[in-house]
Amino acid sequence: GDIVLLAKPVTLTEGDRVTLTTDVPVATDGTSKPEKLLYAVSLPPVHGQIEHINYPGVPISSYSQLDVVAQKVSDVHDNSHGAGKETLR
């Protein structure tokens, strides 16, 4: 089926951690199985990483819509000085 993705940019400043919610990335594919809808991190953050909250400090390269619904995924800024703001899209 068709996949629909709605996303709002998330802006982080030095040292921030933002938990992704369905207000940020939300997608549907016509099924009711969010655990089967996967996001791939094709362009990781320059100054940080995407992490599963159960494994802090470990970058992940994919996560499911179910992870987002359960608020288990965070974008973490690496606290590098002078990096300014970074936006996840």
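The single condition from (1) at pLDDT 80 or above; (2) in contact with a Ser or Thr (Cβ under 9 Å, 6 or more places away or on another chain); (3) in a loop (DSSP other than H, G, I, E, B) that Gly1 fails is (1). The residues in segment 26-83 that are in contact with a strand residue (DSSP E or B) (Cβ under 9 Å, 6 or more places away or on another chain), open to solvent by 60 Å² or more (accessible area, probe 1.4 Å), at pLDDT below 90 and of a type in the set (D, E, K, R) can be counted, and the count is 3.
The values are calculated or read from the model by the stated rules, or taken from the named source; none is laboratory data. None of these values were measured; they are calculated from a predicted model. Cβ coordinates were reconstructed from backbone atoms using ideal geometry, including for glycine residues, and neighbour counts include every protein chain displayed. Heads up: the accessible areas ignore ligands, DNA and RNA and are worked out on the full protein's heavy atoms, side chains in. Shrake-Rupley method; radii C 1.70, N 1.55, O 1.52, S 1.80 Å.
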